[in-house]
Amino acid sequence: MRDAVNERLETPQLHAQIYARLRDALIFGRLEAGQQVSVRTVADQFGISVTPARDAMRQLIWEGGLEVRANGRIYVPLLDRAGVESLRDESRTIELLLLARALPRLGAAGAMEVERLAARADAAFGAGDIREGLECLRAARQAFFDASDCPWLLEIHRRILVRRGPQSIHFIGDYLRARRAPKVSWHLVAVRTRDLDQARRALIAESDAFFDFWADHLDRTSAMEGPAAGAAGNRIASGGDR
């Protein structure tokens with residue numbers, strides 16, 4: 001958590017900045033599934049009052065990035081198999097819509113940026129830096145999707161990533177080492193071929209490989225609350241304020 005939120009903010013846009021910082025921490029797995037998130041701790045690390053911190057966290061609760069449990073405390077959700085399957089359907093639907101809009105609008109400069117970020121992701125993964133590789137990979141796909149020029153679809157997609165990131169960080173390294181993903185990612189297929197049907201098939205295949213591995217991971221581990229709780233202890237104080 002200290003890595004995710006480590007700068008004091010002094011501008012009037014506190015709510016928006018805290019929300020964006022927490023959202024990115026969820027997307028990139030710096031806040032992990034099962035981790036408790038205290039309003040007081042967030043406020044202290046930003047150096048602000050609890051009100052803007054609470055408002056930002058309420059927005060993430062509404063979007064499904066955080067949840068309030070029976071004890072009234074706030075946690076990063078742990079998805080079960082049904083939740084993963086639901087997320088699979090949502091991800092595929094939104095990403096196929098974004099792909100169809102973005103591909104015909106993606107210019108030469110945008111395509112070069114996608115290739116550049118994808119190369120950085122490959123280099124990071126090859127060096128064993130999973131987090132850096134994941135951030136570059138998601139940046140490459142975001143650069144592609146941004147060409148869609150469709151803010152509401154992009155916002156829905158960000159909310160999906162908020163729910164995917166915290167739990168997938170537990171197994172993404174195993175997923176990459178298992179080579180379950182296609183060798184050439186769908187966004188590169190799209191950029192290099194400019195063939196929408198081929199890109200759609202590549203996206204569906206890659207999405208299914210990812211979510212199948214996630215479901216298998218859940219079956220193997222049966223419960224992720226042990227490792228998530230251990231990670232939480234190292235990342236955030238468990239203060240009583242909510």
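The values are calculated or read from the model by the stated rules, or taken from the named source; none is laboratory data. Keep in mind that this is a model prediction, so the values were computed, not measured. Cβ coordinates were reconstructed from backbone atoms using ideal geometry, including for glycine residues, and neighbour counts include every protein chain displayed.
Quick notes on this one:
Residues are listed down the side, and each one gets a yes or a no for (1) assigned by TED's automatic domain parsing to the domain that holds ASP212; (2) of a type in the set (Val, Ile, Thr):
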residue	(1), (2)
VAL42	no, yes
TRP62	no, no
ASN71	no, no
SER86	yes, no
LEU99	yes, no
ALA108	yes, no
ALA127	yes, no
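- Every residue from the range 184-206 that is surrounded by fewer than 19 Cβ atoms within 10 Å (Cβ to Cβ), at pLDDT 95 or above and not basic (Lys, Arg): THR193, ASP195, LEU196, ASP197, GLN198, ILE204
- Unique residue being among the charged types (D, E, K, R) and out of contact with any Gly (no Cβ under 8 Å at 6 or more places or on another chain) when the list is ARG200, ARG163, ARG131, ARG159: ARG200
- Taken as a whole, the condition of being at pLDDT 95 or above, of a type outside the set (Ser, Thr, Tyr) and crowded, with 21+ Cβ neighbours inside 10 Å applies to ALA102.
- Boolean, LEU134 is more than 18 Å from ALA209 (Cα to Cα) and in a helix (DSSP H, G or I): no
- Scanning the range 129-157 for residues that are modelled with pLDDT of 95 or more, charged (D, E, K, R) and either out of contact with any helix residue (DSSP H, G or I) (no Cβ under 8 Å at 6 or more places or on another chain) or not assigned by TED's automatic domain parsing to the domain that holds SER168 (or both) yields a total of 1.
- Number of positions in the range 128-185 that are among the acidic types (Asp, Glu) and on the phi > 0 side of the Ramachandran plot: 1
- For the residues ARG69, ARG23, ARG73, the requirement of being touching a residue at least 60 places away in the same chain (Cβ under 8 Å), over 14 Å from PRO166 (Cα atoms) and basic (Lys, Arg) singles out ARG73.
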